[in-house]
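Accompanying notes for the structure given below.
Please treat every number below as a calculation from the coordinates, not as lab data. Keep in mind the model is a prediction, meaning the values are calculated, not measured. Cβ coordinates were reconstructed from backbone atoms using ideal geometry, including for glycine residues, and neighbour counts include every protein chain displayed.
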Amino acid sequence: MNAWTRLRAARPVFPSLAWIRALILPLCGILAFLLVWHVAAGRISTSLGQFPGPADTARAAQGLYVEFQEEREKAVAFEARQAERNAARLAENPDAEVSVRAYAGRPTFPDQIRTSLVTVMSGFLLASLIAVPFGVLIGLSSGLYASANPLIQLLKPVSPLAWLPLVTLVVSAAYVSDDPLFAKSYLVSTITVMMCSLWPSLINTAVGVAGVDKDLVNVSRVLRLGWATHVRKIVLPSAVPMIFTGLRLSLGVAWMVLIAAEMLSQNPGLGKFVWDEFQNGNAQSLGRIMVAVLTIGLIGLVLDRGMLLLQRRLSWDKTAITR
């Protein structure tokens, strides 16, 4: 090895390429998207007016934030008046019964986001509680897998738009209460999300369990591990990467299904927000809808990255975060 070769081998790699890949290239992609969006928006006219570009969407987002601030100020003022009124009643009569009511103002855009997140996580968790255990069972039994596979392939492609009327009728008939714990629209959206999002987790769990290394299975037999111990010590650790892949796909499906479910079931959330703005049909509706579209995409990205971080923490496959 000559001196020049030794010098090149000892010199640290210049980090410019890493910076380009991690920061510059994504920034260029975003700027190109904004440019194309700006040019295309200027050439599109709709029945509601000009299609909103980046600047119009930013102004719409600012307007939604102002509405949120105004509603929050109204809520604070309402609670202050209520507390003052109740204090005056108790001062006159310490035994008087006072009522505390929640502020009943219209939901703001952040309220819609929070409702959508609660609904999608409810449906996703229910789907996971069904899909992962059942996926383990059918992955361990070839006979059960052969029995369940036709049903899985039959129900997996069904659209949420097809499930929604059936779920609505069943919930309306079965969930009858004078003091319901949950709103029917919330249950309809949650169950629809669950029924459409459980299949990726179910299939990936079954494939991961069925693909456990035969040497590990033989070790389990030699040690005469019980069924529960075999699943806990051998099967689940080996199948964790595939299980998390299914959970990640299921969460993405759940988030997409939720928007359609909220639109049709009229459950408060981002889907209903988009539908209401479309029905309003005023000059600001397009900009507000674009804000909702970008918010939906951003939340979907955050949910996906969050699932990858969770996989990185719990799985032995530490390279999953780079995929």
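Put a dot 7 Å past the Cα of I130, heading toward its Cβ, do the same for Q62, and the two dots end up 4.6 nm apart. From its DSSP helices (H runs of at least four residues, each -39,500 (n - 2.57)), the chain gives a residue-normalised ellipticity at 222 nm of -25500 deg cm²/dmol. Charging the Cβ of each Asp and Glu at -1 and of each Lys and Arg at +1, and nothing else, the dipole of the chain about its Cα centre rounds to 1840 debye.
S177 to K74: extension gain in nm, 0.36 nm per residue of separation minus the Cα-Cα distance? Working shown, then result.
Values: separation 103, 0.36 × 103 = 37.08 nm, distance 3.21 nm.
Here the answer is 33.9 nm.
At a Förster distance of 41 Å, what's the computed FRET efficiency of I30 paired with V158, Cβ-Cβ distance as r, to 0.05? The partial results should precede the final answer.
Details: r = 36 Å, r/R0 = 0.88.
With a Förster radius of 41 Å, E is 0.70.
If R0 equals 30 Å, the separation of the Cβ atoms of I299 and N218 corresponds to a calculated FRET efficiency of about 0.10. Scoring 113-123, 173-183, 293-303, 73-83 by mean Cβ neighbours within 10 Å over their residues and listing the highest first yields 113-123, 293-303, 73-83, 173-183. Between F78, G49, A254, whose Cα lies farthest towards the positive end of the dipole of the chain when Lys and Arg beta carbons carry +1 and Asp and Glu beta carbons carry -1, centred on the Cα centre? Most positive-ward Cα: A254.
Packing, taken as the mean count of other beta carbons within 10 Å per residue, orders the peptides 231-238, 87-94 from highest to lowest as 231-238, 87-94.
Helices meeting the span-like rule in the chain (full DSSP H runs, Cα extent of at least 18 Å along the helix axis, mean Kyte-Doolittle score of 0.5 or higher): 25-41, 109-140, 142-155, 160-174, 184-210, 236-265, 285-314. Using C-alpha pairs under 8 Å with a sequence gap of at least 6, the mean separation divided by the residue count of the chain gives a relative contact order of 21 percent.
Which of the peptides 239-248, 144-153 is most tightly packed, and how do the rest follow, judged by the mean count of other Cβ atoms within 10 Å per residue?
Values: 239-248: 22.6, 144-153: 12.9.
The packing order, highest mean first, is 239-248, 144-153.
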